[in-house]
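Participant: Below is a structure I'd like to ask you about.
The values are calculated or read from the model by the stated rules, or taken from the named source; none is laboratory data. Keep in mind the model is a prediction, meaning the values are calculated, not measured. Every residue, glycine as well, gets a Cβ built from its backbone with ideal geometry; the counts of neighbours run over all protein chains shown.
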Amino acid sequence: MVATSAMAELEDLDALVKAEQQRVYRVLLAMLRDPDAADGLTQECFLKAYQSRGRFRGECSPRTWVMRIAMNLARDHLKSRRWQFWRKLSQEPVAPEEMAAIAASHATPERALLAREALAGVWGAVESLPDRQRSVFVLRFVEEMSIEEIAEATSLRPGTVKAHLSRATAAVRERVTTPQQTQKRMSAGDPKDRGKP
């Protein structure tokens, strides 16, 4: 039997939207890198949650249940966009500063530029991850959800979440650090890089 407080949360759509809208939008934006799609799917997420509230079984919190709906919508949206792959390559990505506050207001312009470039590198690496790894990475590091919450939101087992998270983190780290190491070796005149263009 579903707890009365959980059902009350789902019945009060306005309160649910106020509590979770920004969070759902951030995750969808991080997943899709398309503000218009993220906005539309955020609205669709809450509409679906309200329309299917009778099927809520109370196995997780309403917050996690709404995030599961959002993740499913993002996955469906990405699948439907596969045929637009080449078009997507030619589009300009979302500016990294829309994803997070980059640098403190007292930072020098040079530091702010370096921070933006570093963040752009991370998001570029995240975009290259397979869908499940990207989902898990975003939920863990953007929304700071626990392994158990991610498992509930993605309908995966906690061990599977940990495996995807480990692979995603390693892939992002590798992609972000490899260009930096190569650049350092080249600027230091490392013999390994001699003769390379």
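Participant: Out of all the residues in segment 1-22, is one or more basic (Lys, Arg), assigned to a helix (DSSP H, G or I), surrounded by 14 or more Cβ atoms within 10 Å (Cβ to Cβ) and modelled with pLDDT of 85 or more?
Facilitator: Taking segment 1-22 as the starting set, the residues that turn out to be basic (Lys, Arg) are 18.
Subsequent filtering for residues that are assigned to a helix (DSSP H, G or I) retains 18.
Retained after the next criterion (residues that are surrounded by 14 or more Cβ atoms within 10 Å (Cβ to Cβ)): none.
The answer is no; no qualifying residue exists.
Participant: Before we move on, is Glu143 surrounded by fewer than 14 Cβ atoms within 10 Å (Cβ to Cβ) and not hydroxyl-bearing (Ser, Thr, Tyr)?
Facilitator: On the way: surrounded by fewer than 14 Cβ atoms within 10 Å (Cβ to Cβ): no; not hydroxyl-bearing (Ser, Thr, Tyr): yes.
So Glu143 fails the test.
Participant: Which one of Gly159, Gly195 is surrounded by fewer than 16 Cβ atoms within 10 Å (Cβ to Cβ), at pLDDT 90 or above and either assigned to a helix (DSSP H, G or I) or more than 17 Å from the chain's Cα centre (by Cα) (or both)? Give the steps one after another, and end with the answer.
Facilitator: Numbers: Gly195 fails: at pLDDT 90 or above.
After ruling out the rest, the residue left standing is Gly159.
Participant: With the condition kept exactly as written, say whether any residue in segment 182-192 is modelled with pLDDT under 70, among the hydrophobic types (A, V, I, L, M, F, W, C) and surrounded by fewer than 13 Cβ atoms within 10 Å (Cβ to Cβ). Let's see the steps before the verdict.
Facilitator: Within segment 182-192, the first condition is being modelled with pLDDT under 70, and the residues that meet it are 182-192.
Among the residues that remain, those that are also among the hydrophobic types (A, V, I, L, M, F, W, C) are: 186, 188.
Subset that is surrounded by fewer than 13 Cβ atoms within 10 Å (Cβ to Cβ): 188.
Yes, because at least one residue in segment 182-192 is modelled with pLDDT under 70, among the hydrophobic types (A, V, I, L, M, F, W, C) and surrounded by fewer than 13 Cβ atoms within 10 Å (Cβ to Cβ).
Participant: Name the residues in segment 53-66 that are farther than 18 Å from Lys18 by Cβ and either touching a residue at least 12 places away in the same chain (Cβ under 8 Å) or buried (at least 18 other Cβ atoms within 10 Å of the Cβ) (or both), would you? Before the answer, list the steps.
Facilitator: Taking segment 53-66 and keeping what is farther than 18 Å from Lys18 by Cβ, we get 54-60.
The answer is Phe56, Arg57, Gly58, Glu59, Cys60.
Participant: Could you check how many residues of segment 104-153 are part of a loop (DSSP other than H, G, I, E, B), more than 17 Å from Arg175 (Cα to Cα) and either among the polar types (S, T, N, Q) or at pLDDT 85 or above (or both)?
Facilitator: Step one: list which residues in segment 104-153 are part of a loop (DSSP other than H, G, I, E, B), which gives 104-108, 128-130, 142-146.
Within this subset, residues satisfying the condition of being more than 17 Å from Arg175 (Cα to Cα) are 104-108, 142-146.
Add one more test, that the residue is either among the polar types (S, T, N, Q) or at pLDDT 85 or above (or both), and what stays is 105, 108, 145-146.
Looking only at that region, the number is 4.
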